[in-house]
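Below is one structure; the comments refer to it alone.
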Amino acid sequence: MFTRINRLAIELPEPAYGDANAAAAVQELLGGRFGEMSTLNNYLFQSFNFRGKSKLKPFYDLVASITAEEVGHVELVSNAINLCMKGITRPGDPDTTPLNNGLNKRNTYHFIATAQTAMPGDSMGKSWTGDYVFSSGNLVLDLLHNFFLECGARTHKMRVYEMTDHPTARAMIGYLLVRGGVHIVAYAKALEIATGVDMTKMLPVPNLDNTQFDATHPYIAMGLNRKLFTFSYQDYQDIAMIWRGPLPDGGTAEVIQGVPDGGPVPDLDELPEEFAPGVSREDFMKIAERLQRSAGM
């Protein structure tokens, strides 16, 4: 089972302006082949399908705990996309084409289908697909796939980072570069224990040095480059049998039983020009009255 906390992994900066094309590029980090929806669903199904959970518990605990973190990453990227879309259109009479600013943007689907919010697709508008999920049932093969998946995801994050200087997008990517680097090393350590092969000899694949990205510095200062969370207050403790010892950046691995402190979830403004949420003040008052009656107030 999963429990949900009404917090984001980090607090995203409220942008002073929107950038629809930046949002379109960030979509790749959500619904692309190497996006957060892929890392989530790969690890989710591997954890469901894991054979020998008791016998191979440290490996199961590792995949299961990272799965839970990936749920939060999907949430974080989605909210970053939503904030990148801030203030692009304007309220107005339908005949004044209030959504005209969205006409020539890279992803008009943002304006037509989702009221200027995230969609489960990539930077070209292609929907995410379950074909991206790899769950072979073979422990070493799945761990090797996960290592490669995280390396591919990191490469895409670095490239999108270089495409846009939007502050919200960069803050989000900076955080994910740090956390993705942790996952790469975690799977490398798991593979070394399972096979005896020193995967760090393959690193950097890609380069794991985050210091070249200014937006990573706050998260490195918080020690998030060395911490792996269980995302449970009592379970998955055996990740400490894998996530331990020295790290490639010179730090020492640290397991945190529980979850990050996180930051507030953005409260998106109404967009009358998108008929979203489509609740007028009069509708709201009626809803409030019905809620009070239902609660016996």
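Could you report the stretch 5-264's accessible area per residue, 1.4 Å probe, as an integer in Å²?
Details: 11570 Å² over 260 residues.
Solvent-accessible surface per residue comes out at 45 Å².
Return one number: the angle in degrees, 0 to 90 and rounded to the nearest 10, between the long axis of the Cα atoms of helix 281-294 and the longest principal axis of the Cα atoms of the chain.
Tilt of helix 281-294: around 60 degrees.
Which links in K86/K189; K157/K201; K126/K189; K86/K227; K86/K126 stretch past 30 Å when you go from one Cα to the other? Spell out each step's value before the answer.
On the way: K86/K189 41 Å; K157/K201 23 Å; K126/K189 34 Å; K86/K227 33 Å; K86/K126 23 Å.
Pairs exceeding the cut-off: K86/K189; K126/K189; K86/K227.
Quick one: give the max-minus-min coordinate of the C-alpha atoms of the stretch 148-297 along each principal axis, largest first, in Å.
Cα extents, longest axis first: 66, 41, 26 Å.
Could you work out how far helix 36-49 tilts from the main Cα principal axis of the chain, as a 0 to 90 degree angle to the nearest 10?
Result, in degrees: 50.
Put S54, S127, S135 in order of accessible area, largest first, 1.4 Å probe: what do you get?
Values: S54 110, S127 80, S135 45 Å².
Result, largest first: S54, S127, S135.
Quote the charge dipole size of the chain about the Cα centre in Debye, to the nearest 20; the model charges only the Cβ of Lys and Arg (+1) and of Asp and Glu (-1).
Details: 26 positive and 34 negative charges, 161 e Å.
Magnitude of the dipole: close to 780 debye.
Is it possible to state the helix-based mean residue ellipticity at 222 nm for the chain, with each DSSP H run of 4+ residues giving -39500 (n - 2.57), the sum divided by total residues, to the nearest 500 deg cm²/dmol? What is it?
Values: 9 runs with 130 residues, N = 297.
When only DSSP H runs of four or more count, the value is -14000 deg cm²/dmol.
Whenever you get a sec, compute what percent of the accessible area on the stretch 5-264 sits on carbon and sulfur atoms (1.4 Å probe). List each step's numbers first, then the result.
Details: 6180 of 11570 Å².
Heavy-atom surface of the stretch 5-264 belonging to carbon and sulfur, 1.4 Å probe: 53 percent.
Expected output is a single nm value to one decimal: the length gained when fully extending between A113 and R293, i.e. 0.36 nm times separation in residues minus the C-alpha distance. What is it?
Working: separation 180, 0.36 × 180 = 64.80 nm, distance 3.44 nm.
Full extension from A113 to R293 adds 61.4 nm.
Can you find, among I112, N82, Y233, the residue sitting farthest towards the positive end of the charge dipole of the chain, where Lys and Arg contribute +1 and Asp and Glu -1 at Cβ?
Y233
log10 I(q)/I(0), Debye, Cα-only the stretch 5-264, no solvent, q = 0.13, 0.17 Å⁻¹?
For the stretch 5-264, the Cα-only Debye profile gives -0.80, -1.30.
The values are calculated or read from the model by the stated rules, or taken from the named source; none is laboratory data. In this text the structure is predicted, and so the values were computed from the model without any measurement. In this analysis, Cβ positions are derived from the backbone assuming ideal geometry, glycine residues included, and neighbour counts consider all displayed protein chains. With ligands, DNA and RNA removed, areas are computed over all heavy atoms of the protein, side chains included. Shrake-Rupley method; radii C 1.70, N 1.55, O 1.52, S 1.80 Å.
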